[in-house]
Structure formats: structure tokens, C-alpha cells
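First up is the structure itself, then whatever we jot down about it.
The values are calculated or read from the model by the stated rules, or taken from the named source; none is laboratory data. This one's a predicted model, so the numbers in the text were calculated from it and none came from an experiment. We place every Cβ from the backbone using ideal geometry, glycine too, and count neighbours over all the protein chains shown.
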Amino acid sequence: MNNKELLNTLVLTLVKESGSDIHIVSKSSPIVRIQGDLIVVTRMDPMKPSDVLEILKEMINDEQFDKLIKNKQLDFAYTHLDEYRMRGNAFFQNGEISISLRLISKVKNLKDLSLPDILLELSRKKQGFFLVVGPVGQGKSTTLASMIDHINQFEKKLIVTIEDPIEYIYENKNSIIMQREVGFDALDFNSALVSSLRQDIDVILIGEMRDAETMRAAVTAAETGHLVFSTLHTNSASQTIDRIIDSFPAEQQDQIRNQLASSLIGIFSQRLLPKVGGGQIPAYELLISNSAVQNLIREKRTFELDHIIETGGEQGMVSMDRCLSDLVRRGEIPVDVAIKYAKYPNILSQMI
């Protein structure tokens with residue numbers, strides 16, 4: 001089989017088996033991730049460096065390849081057979097090119113994703129700042145895509161997404177969605193975000209906040225009447241707030257703390273866990289901003305936010321451990337998985 005046929009086989013296998021990722025590395029057979037497990041495709045021969053290069057050139061153009069050579073890494077998007085959208089990263093290791101691909105499924109609604117309905121309520125806010133956080137590969141982009149598509153279906157809004165690369169492709173419904181890719185449609189996240197403030201935009205999706213300038217512009221946009229969504233690679237609500245504030249010089253932290261306190265809608269932290277019977281299911285923590293949360297942020301007492309979340313159930317807040325205990329009681333995940341991901345394992349053991 002030639003390299004084009006090999007890529008086709010890998011992508012279609014991933015789709016058929018409900019997999020998530022493909023890894024193409026020199027001197028190794030291709031590797032796929034199926035339901036969280038890495039599987040070496042032993043029926044395929046180890047890849048030669050020239051094979052990896054030829055496969056990559058099926059997915060990127062000459063300009064992107066030059067960028068890879070210059071920067072030694074490249075983020076890109078690729079659509080296979082005009083149907084299967086993938087997010088890719090090409091990089092060098094041991095002097096040779098390797099490729100990681102992630103399959104981007106079609107936009108699903110929150111119910112299909114096993115996520116709480118309160119996210120729909122939060123997506124209907126007129127303005128403010130909402131973050132979806134968690135480690136890499138935990139479904140953050142998928143959750144935000146579902147929220148954006150809900151707005152798209154039921155509200156008349158002008159929406160802009162700023163991404164690197166563009167992942168989900170939206171079809172205009174009741175809303176108008178403009179998608180800008182960093183490197184092609186914009187120089188960087190910050191300049192695209194600042195520009196969007198002059199474009200009569202209602203809703204802004206920032207694929208990832210990578211620097212203090214982008215964070216500042218995002219918070220300012222939320223303060224000035226926009227609904228802003230973004231992601232961070234943090235593990236909890238309190239850690240997220242601390243990460244944002246600590247990204248700024250000490251003399252600027254009080255200002256950003258006050259801005260964040262007044263603009264924050266909520267923080268949703270999620271993990272994808274192995275499900276009983278196969279597949280994955282999200283476990284999550286949800287902080288919803290209220291006067292108590294705002295005061296704790298302003299007063300540098302973010303370490304107390306866990307208590308606010310734990311006691312805020314009537315307002316829709318959910319602690320990670322509460323979510324895990326509910327998943328165990330419903331038979332969705334085994335006890336040992338819940339204990340592994342618990343914030344306070346001893347307390348969770350008493351809850352189950």
C-alpha cells in the first residue's frame with residue numbers, strides 16, 4: 001500500500017473504532033489511540049522517514065512545510081475525503097519528522113456529550129468570561145463547540161472564533177460565525193482579539209489563551225459587553241484564577257484581579273474517564289461566579305473556592321468529587337477510577 005492509501009486506512013480505522021488519535025513516527029508502525037488506549041498497528045510496517053514526510057505532504061501545503069522547517073514544529077488542520085476533520089501537529093524528534101493527528105468529530109449537543117444542561121444557560125449570558133479548563137486531550141474544544149453551536153441554533157448573534165488551527169467548522173444557522181485562523185487570517189491571538197472589538201461582535205471564542213496580553217484583552221472584551229469563551233491547561237477553578245493573575249507583573253495583578261472578579265461567569269474543569277463497558281465519559285467541576293466568588297478573587301482567597309463550589313449546589317455548582325460519586329452510583333465508572341481522579345480521595349470514599 002502506498003502512503004496515501006496508508007493514511008486513508010488509518011483515518012477510516014480510527015473513525016470505525018471510535019478512536020481519537022493517530023501517531024506516525026519514523027522506525028515505528030503507526031499508533032492509534034482507541035478509547036484511551038494506545039495500540040500499535042502491527043499489520044503495518046515500521047515507517048521510514050521518507051514515508052512520514054510523504055504522508056505529511058498529503059496534508060499540508062508548501063508554505064506550511066517551510067514554516068515547519070523554520071520553527072521545527074507546526075500546528076495544522078486537515079480534512080480527509082472532504083468529511084473527516086483532523087487537528088495535526090508535526091514536529092522533529094531525533095532529527096526526523098513525526099506527526100500526531102486528532103480526529104475532530106462533528107459538533108454534538110451537550111446531552112450527547114453527557115454534560116450538564118446548566119452550560120446551556122451559561123451560553124445564553126449577554127456578556128462575561130467563561131473558561132473550560134483541563135489537561136490536553138480532555139474534550140475542552142468539544143465542550144466549547146457545543147456551547148457555540150447552541151448559540152448558533154437559538155440566538156441571532158455575530159460570533160468570531162480565533163483558533164490555531166481552526167478545529168470545528170460551523171454552518172451559519174440563526175447566528176453568523178466568522179472563523180479566523182492564527183497564521184493565516186491573523187498574526188496572533190492578541191491582535192485578532194483586539195481587532196474583533198471593532199467588528200460589532202457579540203460572542204468571541206479564543207481557542208487558547210497563551211500569554212498575558214491575550215488574557216488581558218479577553219477580560220477587557222468581557223467587561224465591555226462581549227460574551228467571551230476560552231480555554232486554559234489548568235486543573236481546577238482556583239488554579240485557573242491563580243494562573244491568570246500570576247501571568248501578570250506584580251504591579252498589574254490587583255487590576256487584573258478586579259477585572260476578572262467583575263467579568264467572570266464561570267469555570268468548567270473536565271476530564272474524560274474510562275467508562276464501564278467501554279468508551280469515555282466526562283467528570284467535571286463547575287464554578288459559577290456570585291458575590292462570594294467575586295469577593296474571594298478580589299481578596300486573594302482563591303484557596304477557599306473549593307468550599308464555595310462544594311456548598312453551591314443549589315446555584316448549579318458541582319465539585320469534581322461530587323460528580324465522581326454520582327458517576328459511581330450510576331454505574332458509569334468503577335470506584336478505583338473515581339478514587340484515582342478525586343481531589344480528596346478519603347472524602348470521596350465516604351461519599352460513595
Open item on the list: Residue under question is residue 48, and the condition is that it be farther than 23 Å from residue 185 by Cβ, loosely packed, with under 15 Cβ neighbours inside 10 Å and of a type outside the set (S, T, N, Q); does it hold?
Closed with: yes
Open item on the list: Anything in region 66-106 that is aliphatic (A, V, I, L, M), out of contact with any His (no Cβ under 9 Å at 6 or more places or on another chain) and closer than 20 Å to residue 26 by Cα? List them, or say none.
Closed with: 68, 69, 74, 90, 97
Task: Single residue of 171, 96, 83 found to be touching a residue at least 60 places away in the same chain (Cβ under 8 Å) and surrounded by fewer than 22 Cβ atoms within 10 Å (Cβ to Cβ) - done: 96
Open item on the list: Residues that are closer than 30 Å to residue 326 by Cβ, at least 1 per element: which strands (runs of 3 or more DSSP E) completely within region 62-144 meet that?
Closed with: 96-104, 128-133
Task: Pick from region 310-352, criterion acidic (Asp, Glu) and over 23 Å from residue 277 (Cα atoms), ranking: surrounded by the fewest Cβ atoms within 10 Å (Cβ to Cβ) - done: 314
- [ ] Mind listing whichever residues of region 245-278 are loosely packed, with under 14 Cβ neighbours inside 10 Å and modelled with pLDDT under 95?
- [x] 277, 278
Task: Long-range neighbours under 6 Å by Cβ, at least six apart or interchain, first residue free of Cβ contacts under 8 Å to residues at least 24 places away in the same chain within region 310-324, second surrounded by 18 or more Cβ atoms within 10 Å (Cβ to Cβ) and hydroxyl-bearing (Ser, Thr, Tyr) - done: 310/319
Task: Residue that is crowded, with 24+ Cβ neighbours inside 10 Å and over 16 Å from the mean Cα position of the chain (by Cα), where the choices are 212, 222 - done: 222
- [ ] Being in contact (Cβ under 8 Å) with a residue 12 or more places away in the chain and of a type outside the set (Lys, Arg) is the filter; apply it to region 296-309 and report the residue that is surrounded by the most Cβ atoms within 10 Å (Cβ to Cβ).
- [x] 309
TODO: Give 126, 111 a once-over and let me know the one that is in the same structural domain as residue 166 (by TED's automatic domain parsing) and more than 23 Å from residue 184 (Cβ to Cβ).
DONE: 126
TODO: Taking the options 147, 86, name whichever one is of a type outside the set (S, T, N, Q) and within 27 Å of residue 316 (Cβ to Cβ).
DONE: 147
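Okay, residues lined up against (1) of a type outside the set (Lys, Arg); (2) in a strand (DSSP E or B); (3) in contact with a Cys (Cβ under 7 Å, 6 or more places away or on another chain); (4) assigned by TED's automatic domain parsing to the domain that holds residue 66:
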site	(1), (2), (3), (4)
178	yes, yes, no, no
194	yes, no, no, no
200	yes, no, no, no
210	no, no, no, no
213	yes, no, no, no
218	yes, no, no, no
221	yes, no, no, no
225	yes, no, no, no
Open item on the list: Cβ-Cβ under 8 Å, sequence separation 6+ or interchain: first residue in region 334-351 and without any contact (Cβ under 8 Å) to a residue 12 or more places away in the chain, partner of a type in the set (A, V, I, L, M, F, W, C). Which pairs?
Closed with: 339/348; 345/339; 349/339
- [ ] Take residue 264 and decide whether it is touching a Phe, Trp or Tyr at 6+ places or on another chain (Cβ under 7 Å), among the aliphatic types (A, V, I, L, M) and within 26 Å of residue 138 (Cα to Cα).
- [x] yes
Open item on the list: Against the definition (surrounded by fewer than 23 Cβ atoms within 10 Å (Cβ to Cβ) and either in the same structural domain as residue 240 (by TED's automatic domain parsing) or modelled with pLDDT of 95 or more (or both)), how does residue 161 come out, yes or no?
Closed with: no
Task: Among the candidates 36, 95, residue that is on the phi > 0 side of the Ramachandran plot, of a type in the set (Gly, Ala, Ser) and in contact with a Pro (Cβ under 7 Å, 6 or more places away or on another chain) - done: 36
TODO: Kindly indicate whether any position in region 14-36 is among the aliphatic types (A, V, I, L, M), over 23 Å from residue 146 (Cβ atoms), assigned to a loop (DSSP other than H, G, I, E, B) and at pLDDT 90 or above.
DONE: yes
